[in-house]
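One structure is given below, encoded as structure tokens.
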Amino acid sequence: MLVKNSVLFSLILASLATSLPARAQSMKFAVVDLQRALNETEEGRTAKAKLQGVFKQRQDALDKKQAELKKMKDDIEKQKKVLSKDILQQRMEAYQKSFVELQTKYVEYQRELAQKEAAMTKGILEKMQAILRRIGQAEGYTLIVERNEGGVVWVPNHLDLTDRVIQNYNTTKGVAPAEGADAKGAEGAKKPASGGKKK
């Protein structure tokens, strides 16, 4: 899918460049790595730390249950020659039941973590998209592509807006000013911070 997206995106750009040469020269394209931005903003790091805390709790619970399951199996193996057939059957059934419960818990925890991650990152991503809209409108970008979803293999550093999004987000503490006249003023006020980005 990634290769298909990359090829499709390249074909679209090539088509624009050959069919509309004058217009294509005036087009501005950029990319952004929203996953890296999410990981490197202060609010994103805080959300990730909370998520890791939840993950550790769930993993500890699974590890404890897995240790109990291993002990149960070891005990069955050690005693199966001395246990009666009925008792052995009961213990095997108890082991199988516990094994299924462990698998079910694992699936539940995976689903829970995915839901928590989505809830924690939704607002951050929406604010980042607002920042990108302001940059796009203020600087006349024709298209800003998500680097990973768009299948971008390579792009010059000056066309990658990720560092600017991170700096802008951290500077505004994730607060997205209203778009329009106020947004234009806010964007101008942030230019010194974004102009000093490191490459």
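The values are calculated or read from the model by the stated rules, or taken from the named source; none is laboratory data. A quick note: this is a predicted structure, and the numbers were derived from the prediction, not measured. Cβ coordinates were reconstructed from backbone atoms using ideal geometry, including for glycine residues, and neighbour counts include every protein chain displayed. Surface accessibility is based on the protein's heavy atoms, side chains included, excluding ligands, DNA and RNA. Shrake-Rupley method; radii C 1.70, N 1.55, O 1.52, S 1.80 Å.
The table that follows gives values for the structure above.
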{"quantity": "Accessible surface, 1.4 Å probe, highest first, among residues Phe29, Phe99", "calculated": "Phe99, Phe29"}
{"quantity": "Environment charge of Arg147, counting only residues whose C-beta is closer than 9 Å and scoring Lys/Arg +1, Asp/Glu -1", "calculated": "-3"}
{"quantity": "Charge sum, other residues only, whose C-beta stays under 12 Å from Leu51's C-beta, Lys/Arg counted +1 and Asp/Glu -1", "calculated": "+4"}
{"quantity": "Probe 1.4 Å - accessible area at Ser26, Å² to nearest ten", "calculated": "80"}
{"quantity": "Restraint check, Lys56/Lys105; Lys73/Lys97; Lys65/Lys85, Cα-Cα greater than 19 Å", "calculated": "Lys65/Lys85"}
{"quantity": "Candidate aspartates and glutamates for bridging to Lys116, where Cα separation is under 20 Å - those fewer than 8 sequence places away on the same chain excluded", "calculated": "Glu40, Glu42, Glu43, Asp60, Glu108, Glu126"}
{"quantity": "Loop-located GluC sites (Glu not before Pro) in region 117-164, at most 16 other Cβ atoms within 10 Å (DSSP)", "calculated": "Glu149"}
{"quantity": "Relative contact order of region 21-159, pairs being alpha-carbon contacts under 8 Å that are 6 or more residues apart, as %", "calculated": "53"}
{"quantity": "Local net charge near Gln115, Cβ-Cβ under 13 Å (Lys/Arg +1, Asp/Glu -1)", "calculated": "+1"}
{"quantity": "Theoretical gain in end-to-end length, Lys122 to Phe55 [0.36 nm per residue, Cα-Cα removed]", "calculated": "22.3 nm"}
{"quantity": "Cα lying deepest toward the dipole's positive end in region 92-169, options Gly150, Gln137, Leu125, charges on Cβ", "calculated": "Gln137"}
{"quantity": "Which of Ile135, Ile144 is most accessible, then next, and so on - probe 1.4 Å", "calculated": "Ile144, Ile135"}
{"quantity": "At R0 = 41 Å, FRET efficiency that the Cβ-Cβ distance of Phe29 and Arg111 yields, to 0.05", "calculated": "0.65"}
{"quantity": "Heavy-atom accessible area ranking, 1.4 Å probe, most first, across Asp86, Asp63", "calculated": "Asp86, Asp63"}
